[in-house]
Every structure is written in C-alpha cells, then in structure tokens.
Amino acid sequence: MGQTTELNLGKIENSEPENASPRPMPPIAKNAAPKRWKKPLLITLGIVVFIGLVVGGIIWSKRGVVAVQTGKVQKQDLSSIVTASGEIKPPDQDFASVNANSFGKITEILVKEGDHVKKGQLLMRTEDVQQTAGVEAQQAALITAQADSAASQAAVQSAAAALRTAEADLAQAQARFNQTRDDYARGEQLFKDELIAKQTFDQRLSDYQVAQASLQSAQARVSQAKAQYQQAVYNRDMAKARIAQNRAQLLGQKDALDKTIYTSPLDGIVTSLPVHVGENVVPGIQNQIGSQLFQVSDLSTITAEVKVDETDIINVKLGQPAEVLIDAIPNKTFTAHVTELGQSAIGRTSGQTTSSSSTPTEEAKDFLVVVTLDNPPPGMRPGLSATAKITSATRKDAVTVPIQALTIRTRGELEAEKKKKDTKGAAMAAESAMTEKQKEKAKEEIQGVFIIKNRRAVFQPVDTGIMGTTDIEVLKGLKPGEEIVTGSYQVLRTLKSDTKIKVDNTPSGPTNQSGS
C-alpha cells in the first residue's frame with residue numbers, strides 16, 4: 001500500500017509498488033548534516049594548535065633567559081664618606097672631672113650646675129677636723145725641733161770654744177814641757193860635771209816630770225773636747241734632720257688639709273654636680289676612681305669623639321672635612337674637621353685597647369677620632385650623642401657604577417664558563433690534572449660587573465677606586481654610557497657570563513590600591 005505525505009497544499013502519493021524493497025537513501029542526503037559541524041571544529045582545532053605552537057616557540061626561545069635590572073655607567077662627582085657615632089666632648093685640656101681626694105663628708109658646696117667659674121675659685125669643702133688637727137700638731141712639733149736645733153747649735157759652739165781652750169792649754173803645756181826637758185838635759189850634764197848641786201838637778205828633774213804630766217793632761221783634755229765637739233755637731237745635725245722631717249710631715253698634713261678644699265681647675269662652666277651637702281665621699285683606691293664631685297668644661301671649643309671602624313680608619317687623615325649631626329639638635333648639620341686620630345684599637349665590646357689587653361681577641365675593633373666643630377652652637381653639653389660624616393676622599397667627574405652592581409667571581413669560574421662546551425668528564429679530568437699552583441690561581445677572586453652585549457650579560461673585570469654612599473668609582477674596565485646589570489641581588493649572586501637576559505626595570509614594591 002502506498003504512503004502518502006500530507007502537506008498544506010495537498011497530498012503526494014508514492015508511486016512505488018507495495019511489494020518493492022525500499023531504496024537506500026542517497027549518500028548526499030544522508031551525510032549533509034554532519035559536514036556542516038565538522039568544518040568549524042577543524043578550524044577551531046587548527047587555531048588551538050597554531051596558538052600552542054606559537055606559545056611553545058616563545059617559551060622555547062626564552063629558555064635560559066634571566067630577568068635583570070640594568071643601569072648606566074655614569075660620570076659624576078663622588079665623595080667617600082666615613083660615618084661614625086660618638087658623643088660631644090670638649091678637648092682634654094678644656095675638660096676636667098674632679099673626684100674625691102680624701103674620706104669625709106661634704107660640708108659646703110658654693111656653686112650649682114651651670115655656673116660660670118674661674119680657675120682657682122673655691123667650689124666645695126669636705127670635713128677637715130682631723131686634717132686641721134694634724135697640721136697644728138705638726139706645726140708644734142716643727143717648732144720644738146727648731147728649738148732643739150738652736151740648742152744643739154749653741155752646744156756645738158760651746159764645744160768648739162772648749163776645744164779651742166784645750167788646744168791652747170795643750171800648746172802651753174807643750175811649751176813648758178819643752179823648756180823643762182831642755183833644762184833637765186842641761187842640768188843632767190852639769191850634774192855629771194859637778195857644776196851644779198844635786199838639789200838644783202832634782203828641781204829640774206821635778207819640773208820636767210810635772211811638765212810632762214801637764215802635757216799629757218792637756219792632750220787628754222783636747223781629745224775630750226774634740227769628742228764633745230763631734231757629739232755636739234752630731235746632735236745639731238740630728239736636730240736639723242728632725243726639723244726637715246717635721247717640715248715634710250707638716251707638708252703632708254697641709255696637703256691632706258688642702259685635699260678637703262676643691263677649687264676649679266680651669267675657667268669654664270660647671271657641667272655636672274652629682275653630689276650634695278652631707279654626702280660621704282671616698283678617694284680612689286688601686287684601679288677604682290674616687291667619688292665624682294663635679295665637672296668643669298670650657299665650652300668655647302666643642303669636639304665630637306667618635307669611634308671609626310678598623311676598616312675605615314686607614315682612609316681618615318688629619319684636617320679632613322666632616323659634618324656632625326647632634327641628636328639633641330635635629331635637622332641641623334654642623335661643619336667640622338678632623339683634629340685627632342687614635343693610635344690604639346679599642347675592642348667594641350670590652351672597651352679595652354689592644355695595648356692594655358694581655359690576651360688577643362677576635363672581636364671587632366674601633367679607633368677613636370676627634371672632630372672639632374667649626375662653629376659650635378650655644379648650650380652644648382658633654383655627653384650628647386653625635387654622628388660624624390667624614391669626607392675621606394673626593395673625585396671630580398669620576399666614572400661610577402652603583403655599588404650593588406659590583407660582584408665577585410673566581411678565576412676558575414670564569415675559565416670554566418669559557419670552556420662550558422667541554423664534556424663533564426673532560427672538565428673533571430682537566431680539573432684533576434691541575435697543579436696546586438693552578439688550583440690556587442683558580443681560587444683568585446676577580447671583581448667586576450656584568451655589561452649588556454647583544455642581549456647577553458657578559459662579565460667585565462674592573463679596577464675600583466673610592467666608594468661613595470651608593471656608587472663606587474671605576475678606574476679601569478668601563479666607559480660612561482655602557483649598560484650594566486644592577487640587580488637583583490639574588491640574580492647577581494648566580495648570574496653567569498654570556499647568559500641571555502631580559503631587562504625588567506619595573507619598580508618593585510607594594511602598589512597603592514584604592515578600594516571602597
């Protein structure tokens with residue numbers, strides 16, 4: 001039975017017989033719908049593949065490319081600055097810190113902190129009862145010794161007179177003895193010749209014997225007078241020695257008394273007065289200083305004593321200009337110049353000089369440097385914190401690069417980069433074949449920068465000069481205008497010569513975002 005398809009316009013009958021087998025659909029009519037979707041799909045896949053190839057090519061071309069920051073080699077005026085911290089301090093000859101000289105209690109203070117004083121002006125007293133008593137007792141002892149000395153001198157004079165008398169008597173006895181001896185000798189001869197009577201001879205003998213005894217007695221008196229004179233002289237000398245001894249003791253007692261009186265050692269201002277009336281003070285003993293009583297400073301000349309690091313002290317010279325910043329006077333800079341250089345290193349933590357330390361130490365060391373302010377401000381006080389910036393060197397039109405651009409490579413690293421085409425085994429064999437001298441040479445450090453050539457970073461050795469705050473002078477190896485790698489720090493640590501680079505000078509840091 002035939003099939004009929006109804007349309008709005010009518011019916012269309014199928015002329016095929018009922019028993020006829022169905023005719024297959026034409027291929028064109030069967031695949032018409034799929035072909036309409038396949039074409040866009042193929043186009044899309046082709047675009048995706050193309051984009052993938054482009055992206056892959058870009059990634060492949062950028063393989064091994066390092067992003068760096070760059071800068072230019074410049075010519076500019078450069079100054080090397082040494083910065084050191086310390087404190088305001090008058091020169092040593094214009095500053096005096098007075099400590100206690102004796103035990104005792106403060107009985108009188110005649111000034112207050114900030115007063116202007118003159119050299120020798122009385123400022124303070126401590127109790128002096130014992131010292132005054134000691135002076136008076138010693139003065140009495142001296143008077144006694146002087147009186148004893150006067151009596152001893154009189155005794156010497158008396159002994160001298162007695163000695164002269166004894167010597168005169170001795171001379172008289174000697175003359176009488178000589179006369180009687182001669183008379184006796186003549187009488188003895190006359191008596192033998194029977195020219196004189198025996199009575200006369202006996203008289204002459206008696207006179208001779210008496211004269212001889214008188215002579216011996218006179219000699220004894222002279223010896224005694226000499227001994228007495230020598231004793232008198234000795235007593236006189238002892239009395240003089242006692243006078244000298246008492247005078248010395250009196251001087252010591254007066255010194256002890258004077259140490260209870262404190263005067264100003266110089267013209268200036270009382271910059272410190274940490275004590276009060278009634279306070280007990282003690283003098284210094286052994287390595288400990290005594291109680292501090294007051295400080296006097298002449299503030300007409302102001303200096304800053306700063307500690308310079310041992311790595312910078314070699315560049316600091318007398319007369320170099322400096323700028324001083326005082327914490328108590330913010331936003332103001334004072335001109336100064338270097339006037340003193342310390343010769344002994346001071347331990348940063350121990351505070352001891354290398355000459356006073358008996359054992360070596362590995363701690364960092366500083367050197368004291370004194371800079372004098374050209375026009376010190378009024379109202380300065382010792383001990384104010386200060387920072388000195390000393391200009392140790394200057395260069396006009398110096399070729400400079402940023403300090404962070406400077407890096408270090410060993411000679412071995414640079415040579416290895418040149419021979420990077422060698423196989424790993426060959427490189428290891430070459431390294432093992434190196435002599436000790438060659439190995440030492442390979443460890444030699446070379447400073448330089450990476451310059452930009454044909455989009456590659458090439459290591460360039462340089463010789464440097466003075467170092468400024470942010471830049472360093474290049475003496476050899478670079479020309480003004482050359483582009484160099486300046487960062488980042490992590491990149492410069494590992495960057496190898498002849499590496500492909502990409503310049504990225506985008507400022508890093510947080511961006512300001514506005515939101516509501």
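The values are calculated or read from the model by the stated rules, or taken from the named source; none is laboratory data. Treat the numbers as computed from the prediction; the structure is a model and nothing was measured. Backbone-built Cβ (ideal geometry, glycine too); neighbour counts: all protein chains shown. What goes into the accessible areas is simple: the full protein's heavy atoms, side chains included, and nothing from ligands, DNA or RNA. Shrake-Rupley method; radii C 1.70, N 1.55, O 1.52, S 1.80 Å.
Remarks
- Residues that are part of a strand (DSSP E or B) and out of contact with any Pro (no Cβ under 9 Å at 6 or more places or on another chain), drawn from region 256-272: Ile261, Tyr262, Thr263, Ile269, Val270
- Residue in region 420-438 that is under 30 Å from Ile466 (Cβ atoms), modelled with pLDDT under 85, out of contact with any Phe, Trp or Tyr (no Cβ under 7 Å at 6 or more places or on another chain) and open to solvent by 70 Å² or more (accessible area, probe 1.4 Å) present: no
- Annotation note: of Arg242, Arg204, the sole residue that is touching a Ser or Thr at 6+ places or on another chain (Cβ under 8 Å), open to solvent by 50 Å² or more (accessible area, probe 1.4 Å) and modelled with pLDDT under 90 is Arg204.
- Residue selected from region 61-118 under the condition part of a loop (DSSP other than H, G, I, E, B) and among the small types (Gly, Ala, Ser), by the criterion surrounded by the fewest Cβ atoms within 10 Å (Cβ to Cβ): Gly64
- Test: Val296 is surrounded by 15 or more Cβ atoms within 10 Å (Cβ to Cβ) and more than 60 Å from the chain's Cα centre (by Cα): no
- Some residue of region 134-149 being closer than 25 Å to Asn99 by Cβ and surrounded by fewer than 20 Cβ atoms within 10 Å (Cβ to Cβ): yes
- Residue in region 233-252 that is charged (D, E, K, R) and either in a loop (DSSP other than H, G, I, E, B) or under 30 Å from Ala175 (Cβ atoms) (or both) present: no
- Options Ala197, Ala225, Ala185; residue that is open to solvent by less than 50 Å² (accessible area, probe 1.4 Å) and among the small types (Gly, Ala, Ser): Ala225
- Single unsatisfied condition, Pro507 versus (1) open to solvent by less than 100 Å² (accessible area, probe 1.4 Å); (2) over 29 Å from Glu415 (Cβ atoms); (3) free of Cβ contacts under 8 Å to residues at least 60 places away in the same chain: (1)
- Yes/no for Glu340 being open to solvent by 60 Å² or more (accessible area, probe 1.4 Å), under 30 Å from Glu113 (Cβ atoms) and modelled with pLDDT of 90 or more: yes
- Residue within region 451-472 that is open to solvent by 80 Å² or more (accessible area, probe 1.4 Å), touching a residue at least 24 places away in the same chain (Cβ under 8 Å), under 26 Å from Arg395 (Cα atoms) and aliphatic (A, V, I, L, M) present: yes
- Scanning region 267-314 for residues that are free of Cβ contacts under 8 Å to residues at least 40 places away in the same chain, under 30 Å from Ala393 (Cβ atoms) and of a type in the set (A, V, I, L, M, F, W, C) returns a single hit, Ile314.
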